[in-house]
1. Would you point out the residue of the stretch A:244-255, among those that are surrounded by fewer than 19 Cβ atoms within 10 Å (Cβ to Cβ) and part of a loop (DSSP other than H, G, I, E, B), that is nearest to the other protein chains (Cβ to nearest Cβ)?
2. Looking at the stretch A:256-278, which of its residues are in a strand (DSSP E or B) and either within 12 Å of the ligand (Cβ to nearest atom) or under 30 Å from A:K184 (Cα atoms) (or both)?
3. Pull up the stretch A:284-297, narrow it to residues that are within 11 Å of the ligand (Cβ to nearest atom) and assigned to a loop (DSSP other than H, G, I, E, B), then point me to the one that is surrounded by the most Cβ atoms within 10 Å (Cβ to Cβ).
4. Inside the stretch A:172-220, can you point out the residues that are closer than 18 Å to B:K50 by Cα and more than 13 Å from the ligand (Cβ to nearest atom)?
5. In this structure, does A:A28 turn out to be within 12 Å of the ligand (Cβ to nearest atom), touching a helix residue (DSSP H, G or I) at 6+ places or on another chain (Cβ under 7 Å) and either among the charged types (D, E, K, R) or at pLDDT 95 or above (or both)?
6. Restricting attention to the stretch A:201-216, report how many residues are closer than 16 Å to A:V259 by Cβ and of a type outside the set (S, T, Y).
7. Have a look at A:Y91, A:Y118 and point out the one that is within 13 Å of the ligand (Cβ to nearest atom), away from every other protein chain (no Cβ under 14 Å) and in contact (Cβ under 8 Å) with a residue 40 or more places away in the chain.
8. Taking A:Y136 as the residue in question, decide whether it is touching a strand residue (DSSP E or B) at 6+ places or on another chain (Cβ under 8 Å), within 15 Å of the ligand (Cβ to nearest atom) and closer than 30 Å to A:I92 by Cα.
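The values are calculated or read from the model by the stated rules, or taken from the named source; none is laboratory data. All values reported here derive from a predicted model rather than from experimental measurement. A quick note on method: Cβ atoms are made from the backbone with ideal geometry, for glycine too, and the neighbour counts reach across all protein chains shown.
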Amino acid sequence: MKEEYDVIIVGGGPGGTTAAYYAASGGAKVLLLEKKRDIGFPVRCAEGVGEAGLKEFLNPDPKWAVNKINTYRLIAPDGNIVTVKNKEAGYILNRRVFDYMLAERASEMGAEILTRMYVNGIIINDRTVSGVRCEYLGKKFSIRSNIVIGADGVESRVGRWCGIKTNIKLRDIETCVQATISSKKIESDKIDFYFGKKIAPGGYVWVFPKGKNLANVGVGIAGIYTKNPERKSPLDYLNEFLNKHYPDASILTRLAGGVPCAEGLKRIVADGLMLVGDAAHQANPVTGGGIVNAMKAGRIAGKVAAEAVLKQDFSEKMLREYPKQWNNTVGEINKKFYRMKKVIFGFSDKSLNAIAKSFNETSPENLTIKDIFVGALKKHPPLVIDALKVFK
Amino acid sequence: MVYIIEDKCDYCGICVSVCPPNVIELKENNIKILEGCTDCKLCVYVCPYKAVKENERRI
Ligand SMILES: Cc1cc2nc3c(=O)[nH]c(=O)nc-3n(C[C@H](O)[C@H](O)[C@H](O)COP(=O)(O)OP(=O)(O)OC[C@H]3O[C@@H](n4cnc5c(N)ncnc54)[C@H](O)[C@@H]3O)c2cc1C
């Protein structure tokens, strides 16, 4: 490790390692710091990604893309099933392997990576970010850099240390519990989503099969449903679901986690600073999918950082190229999803049942995800337009 | 004031993510509420395992 770098990246998730890869390939001297012992472990994720987004970066490799699925089932509160055979497949990853591979790629490109490095503050000189303070096995020290990229996930503090309010609002956080289960009842060629106020208020239950008899089964509920002290926790919802649908399940992993399902932060750069991935609230606000979005943001931020290094200009004005490109692409799409989210997760169980019924009566064959959004939102014409745009 | 029952904690960071004054410090397997807690209880609400508790008010 040196005393000074062009770019320091905080966090070794898909956002951080992708930013490291692109910054290093643009010629920047890059250091990535991860607080955990291992890159990619423990996993806090259902591990599902869309084919198109993934393939922008990598060809799926069975080492880390463990299942490919085209059939999605949406299950209404009354148990009615709407089946979608989507052209675009969903891949289920093994993130422990996937995240590690992304880190290896960044390292091969010249980025330095260190684990067990906890960043506990940011160095600010003349209102400009100029490095990080960190702890390694109890020893505290500082490392200087011209740019800091905060890719420190949902728990991000980097932005807040620099005066950007990144704390997530109660209405925008999904609180989740997931079990990786072994059960003979898993259908490994179908991805299931269950909806309903009694199943997952303000969210959904997912079943993402990782292979024969193995699946990630989890529940996410919206933060606003957690205020009542007598409330059921996501863990209670998950246990209820498993008892009902997978009573034979063994639980091989159990995890908790939060996902920002938000509109996206307005400000994601400052002098010498960029925020990427969950740290910038860039996950899809309807699905909570944030892996590929973090990678897309990391790609832009990494390239812009390398550009800034070439020009030796680390001002907010220079770095604004990143939000500009983000807003014109995924950022704009996420804003539309956020508007849709408010309606979709507001549906009563009765409406959800009616929507499912009408799909099954009118067009049971060849339904697409786009049809589902358009049909479900048909009473909200502006949102139908949003849906048509995001699923072009 | 709130406190964390570490036996229940999964170190997932969701409490850190909602904390308005940014006073929860989460290392790999070590969590602390630092000075400056405003007692807003957002962390109590969102914890998936209900590992953050309020101290009972004494009369
Ligand atoms: C239960 C659950 C299910 C999900 N399912 C899916 C899914 O199926 N598909 C999908 O696309 N997305 C899913 N997501 C969301 C997805 O996991 C995230 O959007 C994605 O990991 C974001 O990547 P990131 O690089 O921004 O952050 P992370 O992957 O969270 O990486 C951040 C890293 O920063 C490190 N870090 C944090 N603070 C510090 C510090 N101070 N110093 C050093 N290092 C630090 C952390 O240890 C972590 O490794 C799910 C999330 C949860 C909680």
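1. Restricting to residues being surrounded by fewer than 19 Cβ atoms within 10 Å (Cβ to Cβ) and part of a loop (DSSP other than H, G, I, E, B), the top hit is A:P247.
2. Filtering the stretch A:256-278 for residues in a strand (DSSP E or B) gives A:256-260, A:269-270, A:273-275.
Across the stretch A:256-278, the qualifying residues are A:A256, A:G257, A:G258, A:V259, A:P260, A:L275.
3. Looking at the filtered set, the residue picked out is A:G290.
4. Listed by number, the list holds a single entry, A:P201.
5. Values: within 12 Å of the ligand (Cβ to nearest atom): no; touching a helix residue (DSSP H, G or I) at 6+ places or on another chain (Cβ under 7 Å): yes; either among the charged types (D, E, K, R) or at pLDDT 95 or above (or both): yes.
No.
6. Going through the stretch A:201-216 one residue at a time, the tally reaches 7.
7. On inspection, the qualifying residue turns out to be A:Y91.
8. On the way: touching a strand residue (DSSP E or B) at 6+ places or on another chain (Cβ under 8 Å): yes; within 15 Å of the ligand (Cβ to nearest atom): yes; closer than 30 Å to A:I92 by Cα: no.
No; evaluated as a whole, the condition is false for this residue.
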